[in-house]
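Colleague: Below you will find the structure I want to go over with you.
The values are calculated or read from the model by the stated rules, or taken from the named source; none is laboratory data. Quantities reported herein were computed from a predicted structural model and do not represent experimental measurements. Glycine also receives a Cβ, built like all others from the backbone with ideal geometry; neighbour counts cover every protein chain displayed. In case anyone asks, the SASA skips ligands and DNA or RNA and just uses the protein heavy atoms, side chains included. Shrake-Rupley method; radii C 1.70, N 1.55, O 1.52, S 1.80 Å.
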Amino acid sequence: MLAPQHWLIGITGIFILATGTHIADADPLLVDASKPAAVTGQGVFHLGTARTPDGHELTVNNLSLLRDSKPWLPVMGEFHFARYPAGEWKDELLKMKAGGIDIVATYVFWIHHEEVKDKWDWTGQRSLRDFIKTCADVGMPVIVRAGPWCHGEVRNGGQPDYIVQEMGRRARTNDPAYLERVKILYSQIFDQIKGLQWKDGGPIVGMQFENEYSGSPDHLMMLKKIATDLGVDLPIYTKTGWPVTRAQVPFGAMLPLEGAYAEGFWDSSIAPMPGKYPTEFLFAPVVRTSAAIGTDQLGDREAKDAANATQYPYLTCELGGGMMSSYHRRVLIYPDDIASIALIRVGSGSNLPGYYMYHGGTNPDGQLSTMQESQESNYPNDMPVKTYDFQAPLGEFGQVRPHYHMLRRMHMFLHDFGSELTLMKPVQPQKLPANARDTETLRWLVRANGDSGFVFVNNYQRLQPMPARQAVQFDVKLPNGNVQFPSAPITVPADSYFVWPFNLTIGGVKLNYATAQPVCTIQGDGITYAIFAQSKDVPAEFAFDQDLATFKATTGERSTAGKLAIVKVKPSKDVSILASSPDGKRLGIILLDEATSLNCWKQKIGYTERLVLCSGSVIFDGDHIRVHGSTAAELAVEELQNGKFAAMSPAPAAPARMQATVERIKEAGPAREITRGKRGQPGMPTEAQWEQAAVYRLKLPAGIDAARDMLLRIRYTGDVARIYLDGKLLTDNFYYGNAFDVGLKRFGPDIYQKELLLKVLPLRKDAPIYIAKEAWPDFKDDASTIAVDDAELIETAEVVY
């Protein structure tokens with residue numbers, strides 16, 4: 001029963017008695033954030049040249065990266081240049097930048113460049129140098145993940161066959177013969193990056209050595225020495241923070257970067273969410289590493305940091321931006337999986353969210369073999385031959401996925417509030433969930449520095465419904481008292497996650513708290529506009545100390561509690577609150593609803609920041625805003641002008657959608673018997689078994705200009721599928737529930753003129769593989785199934801503003 005009650009609201013030590021509606025017997029959730037974070041000096045890190053020729057510096061302390069001595073919280077995204085056509089790099093990098101990515105990470109897969117011993121290929125899409133120059137053109141720094149062993153689901157972990165054959169177990173050690181080949185590789189890489197390092201005024205800011213290495217740290221130090229002896233001199237050197245090496249790497253020689261995935265393809269189990277994946281949905285600032293990554297290579301283990309891990313800044317390089325499918329384990333990723341994992345890691349203290357993958361791609365053709373990981377190459381998993389889509393925010397053909405928008409909203413927040421956030425340490429609340437199965441205890445924590453900070457809430461877990469949490473109110477102990485909010489207990493919705501600020505100064509005006517998520521700020525006409533997103537179904541309150549701010553609210557309800565003024569605001573595209581500080585600084589607050597907030601884009605054009613709303617895809621390119629979409633709504637743009645979003649121009653008509661004709665020209669043979677491969681996993685089809693595939697001829701509509709940006713989206717059911725153009729394999733797909741996409745523009749005009757075939761093998765009812773429950777077909781009484789339901793052409797149009 002609801003009844004009027006009294007409650008306390010403490011703002012910077014002043015307790016205010018107020019009256020309102022309260023859920024009976026609700027106790028605030030407590031956290032003690034009153035102790036400051038310690039900052040150590042920068043001199044303890046043994047890294048490379050930090051200064052550019054024009055005087056900019058990139059340094060490190062124990063909390064974060066620093067740019068020109070100021071704390072910096074960048075966002076990093078993985079994009080493999082050799083897996084993407086060179087002619088498309090620039091637009092895809094601009095899409096990454098528009099999505100809030102600050103740093104591009106890229107693997108250098110040795111086998112992509114020296115498949116045949118002593119025959120090197122750095123041409124076309126294999127040109128690391130051209131890729132780095134393109135990154136420079138769009139203004140994006142680069143971290144080169146140089147191997148020699150990378151993994152990346154590439155054959156031999158990226159090492160050429162001859163290395164495996166000649167070195168065997170001596171590879172990935174300080175064996176002299178192995179190191180001689182590494183020196184040649186690193187020399188080749190240095191030739192590609194020469195003159196493009198940070199110290200040269202170039203975009204390369206860092207290099208990673210090896211990957212997921214558990215051996216002697218002497219090998220990592222030797223790799224660093226080989227690189228630096230050649231001339232590599234960078235402000236950041238990194239290693240993956242998992243697993244723990246046999247002994248500690250000398251402190252400060254390399255920064256450990258961590259990772260976390262919602263679920264992986266690599267587990268032997270064909271059950272959903274096996275092992276330790278559920279723990280990734282808990283806030284955990286004490287342990288930074290993951291025990292769920294790479295169990296196929298690294299085994300079952302407990303999450304354990306190196307002893308000195310907390311002396312380093314908490315940086316990540318492999319927050320799962322999606323997930324690949326192996327043949328035996330086909331994980332269907334949901335957008336909330338990705339967005340919540342990112343929020344959890346940032347809340348837990350990460351001052352560099354780095355995604356693997358942020359952009360998908362396609363394996364290049366090999367001379368001696370296919371390039372993918374397989375049991376035939378003595379690796380634990382059979383991976384697709386061509387596709388490396390990864391269900392990433394940006395797909396194999398540049399498709400924009402829902403989690404691209406969800407992550408972009410968080411990245412905008414990090415760009416505008418990250419320098420403050422870097423100094424805020426994570427603090428766990430008084431009451432913690434017992435474990436990942438505990439769905440009754442709210443998952444939350446605080447990042448705070450002094451009296452200001454943010455409350456992070458995650459009431460979401462993959463494949464585990466999380467109930468709404470009623471009667472929630474936060475009580476945060478700070479150095480100068482407590483802050484308790486909202487003004488009355490609220491219900492945290494089921495399967496929701498968000499960030500709320502307290503005692504945050506924006507544009508010179510102090511906001512005591514808000515029960516809405518900050519998105520970004522932008523300057524205009526002497527006013528700082530702050531964009532907030534309403535948290536799912538939670539009333540939005542903004543509270544100000546009336547001694548420190550005067551304001552007017554154009555919408556919403558206002559109440560007073562002592563010195564505190566509380567405004568309850570409903571979403572709008574106009575300014576709802578205009579506040580002023582005693583010294584005349586002004587703040588305009590715009591509260592957007594959840595869906596509209598995901599349409600926010602902000603970037604500089606020239607010297608001016610632009611803030612627009614668009615549900616399509618936006619690229620800020622030179623002096624122009626380029627908008628891409630497949631519907632009229634996606635092509636429409638509204639820009640913030642004078643505190644109000646207004647349409648830039650009438651939206652153009654939507655491009656037409658068309659259908660491809662699907663003609664079955666060969667029935668499938670009997671469903672193959674699935675046998676185990678060399679490593680004991682269910683094996684993908686052999687080339688001989690593809691002779692039993694059903695074959696469909698795909699006829700595209702006549703008269704299409706090959707320059708048009710068309711996507712062929714095939715909806716099918718089966719075991720595996722491949723697309724061939726005039727007999728050449730373009731890409732492939734392990735069925736997992738999502739459509740099979742093929743971008744047509746990069747294959748034009750041939751794809752409109754030559755024979756295009758789809759081959760599909762039937763899926764057995766008794767297949768010993770994992771497919772998500774909702775994607776598993778209804779076999780009825782059949783022992784196998786195969787169907788091609790639809791082949792749609794979706795055009796992406798461009799409008800330039």
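Colleague: Would you grab the residues whose amide H sits under 5 Å from the one on TYR213? Only those 5+ places off in sequence or on another chain, please, with H modelled 1.01 Å from N.
Modeller: Hits under the 5 Å cutoff: THR240.
Colleague: What are the ³J(HN,Hα) values, in whole Hz, obtained from phi via the Karplus relation 6.51 cos²θ - 1.76 cosθ + 1.60 with θ = phi - 60°, for each residue of segment 65-81 in sequence order, with x given for Gly and Pro?
Modeller: 6, 10, 10, 6, 6, 9, x, 10, 10, x, 10, 10, x, 7, 8, 8, 4
Colleague: Relative contact order, percent, of the chain when contacts are C-alpha pairs under 8 Å separated by at least 6 residues?
Modeller: Rounded, it is 12 percent for the chain.
Colleague: Quick one: if you stick a label point 7 Å off each Cα along the C-beta vector at GLU57 and ASP91, how many nm between them?
Modeller: About 4.2 nm separates the two model spin labels.
Colleague: Using a simple spin-label model with points 7 Å from Cα along the Cα→Cβ vector, what separation in nm is obtained for MET222 and ALA739?
Modeller: Simple spin-label model gives 5.1 nm for this pair.
Colleague: Per residue, how much accessible surface does segment 255-395 expose to a 1.4 Å probe? Answer in Å², no decimals.
Modeller: Averaged over the residues of segment 255-395, the accessible area is 24 Å².
Colleague: Which residues does the label zone of LYS431 cover in segment 317-347, counting backbone N under 12 Å from a point 7 Å along Cα→Cβ?
Modeller: none
Colleague: Separation between the SER69 and PHE251 pseudo-spin-labels, each 7 Å from Cα along Cα→Cβ, expressed in nm?
Modeller: Between SER69 and PHE251, the label points sit 2.5 nm apart.
Colleague: Restricting to the chain, what percent of DSSP beta bridges are antiparallel, rounded to 5?
Modeller: 80
Colleague: Determine the relative contact order of segment 263-334: mean sequence separation of Cα pairs under 8 Å and six or more apart, normalised by residue count, in whole percent.
Modeller: Over segment 263-334, the number comes to 41 percent.
Colleague: Grab the beta carbon distance between GLN165 and LYS570, set R0 = 56 Å, and tell me the FRET efficiency rounded to 0.05.
Modeller: Approximately 0.25, to the nearest 0.05.
Colleague: Over segment 80-224, what is the relative contact order in whole percent, taking alpha-carbon pairs under 8 Å and six or more residues apart?
Modeller: RCO, segment 80-224: 27 percent.
Colleague: Would you mind counting up the charge near GLU258? Only other residues with Cβ under 10 Å from its Cβ, with Lys and Arg at +1 and Asp and Glu at -1.
Modeller: So the environment of GLU258 carries a net charge of 0.
Colleague: Report the extension gain between LYS119 and LEU298 in nm, rounded to one decimal, defined as 0.36 nm multiplied by the number of residues separating them, less their alpha carbon distance.
Modeller: Net length gain for the segment: 61.2 nm.
Colleague: Run the numbers for VAL800 and ALA656: contour at 0.36 nm per residue of separation, minus the present Cα-Cα distance, in nm.
Modeller: Residue separation times 0.36 nm, minus the Cα-Cα distance, leaves 49.9 nm.
Colleague: Just to verify a number: FRET efficiency for GLU667 and ALA177, C-beta to C-beta distance, R0 = 41 Å, to 0.05?
Modeller: After rounding to 0.05, the efficiency reads 0.15.
Colleague: Quick one: work out the % antiparallel among DSSP beta bridges in segment 196-335, nearest 5.
Modeller: 10
Colleague: Please enumerate, by chain and number, the lysines with C-alpha under 16 Å from the C-alpha of LYS570, excluding those fewer than 8 residues away in the same chain.
Modeller: LYS536, LYS552, LYS644
Colleague: Anything over 22 Å Cα to Cα? Flag those among LYS119/LYS194; LYS133/LYS194; LYS678/LYS780, in the order listed.
Modeller: Pairs exceeding the cut-off: LYS678/LYS780.
Colleague: Beta carbons within 10 angstrom, averaged per residue: use that to sort the peptides 115-128, 310-323, 261-274, highest first.
Modeller: Packing proxy ranking, top to bottom: 310-323, 261-274, 115-128.
Colleague: Can you work out the FRET efficiency for the pair ARG715 and ALA633, with r the C-beta to C-beta distance and R0 = 35 Å, to the nearest 0.05?
Modeller: 0.95
Colleague: Karplus couplings for segment 519-529 from phi (6.51 cos²θ - 1.76 cosθ + 1.60, θ = phi - 60°), rounded to Hz, Gly and Pro as x?
Modeller: Computed from phi, the couplings for segment 519-529 are 10, 6, 10, 7, 8, x, 6, x, 10, 8, 8 Hz.
Colleague: Also: State the label only: which of (i) -0.45, -0.61, -1.17; (ii) -0.39, -0.53, -1.10; (iii) -0.49, -0.63, -1.04 corresponds to log10 I(q)/I(0) by the Debye sum over Cα atoms at q = 0.06, 0.07, 0.10 Å⁻¹ computed from the shown model?
Modeller: (ii)
Colleague: Now for a different question. Can you list residues from other chains, or at least 5 along the same chain, whose modelled amide H is less than 5 Å from the amide H of TYR716?
Modeller: PHE740, ASP789
Colleague: Right, next: Non-local amide H neighbours of LEU332 (under 5 Å, H modeled in plane, Pro and chain starts lacking H): which ones?
Modeller: For LEU332, whose amide H was placed from the backbone, the distant partners under 5 Å are ALA772.
Colleague: If the label point is 7 Å along Cα→Cβ of ASP593, which residues in segment 517-543 have backbone nitrogen under 16 Å from it?
Modeller: Answer for this model: 532-540.
Colleague: How would you order 626-633, 352-359 from highest to lowest mean count of nearby Cβ atoms within 10 Å?
Modeller: Output ranking for 626-633, 352-359: 352-359, 626-633.
Colleague: Then there's this: Per residue of segment 424-429, what does 6.51 cos²θ - 1.76 cosθ + 1.60 with θ = phi - 60° give for ³J(HN,Hα)? Whole Hz please, x for Gly and Pro, Karplus curve as stated.
Modeller: The phi angles translate into 9, 7, x, 10, 6, x Hz.
Colleague: My understanding is that a pair violates if its Cα-Cα distance is over 29 Å; which of LYS745/LYS773; LYS95/LYS745; LYS70/LYS304; LYS97/LYS510; LYS95/LYS773; LYS70/LYS239 do that in this structure?
Modeller: Correct reply: LYS745/LYS773; LYS70/LYS304; LYS97/LYS510; LYS95/LYS773.
Colleague: Now a separate question. How large, in percent, is the carbon and sulfur part of the accessible surface of the chain at a probe radius of 1.4 Å?
Modeller: 49
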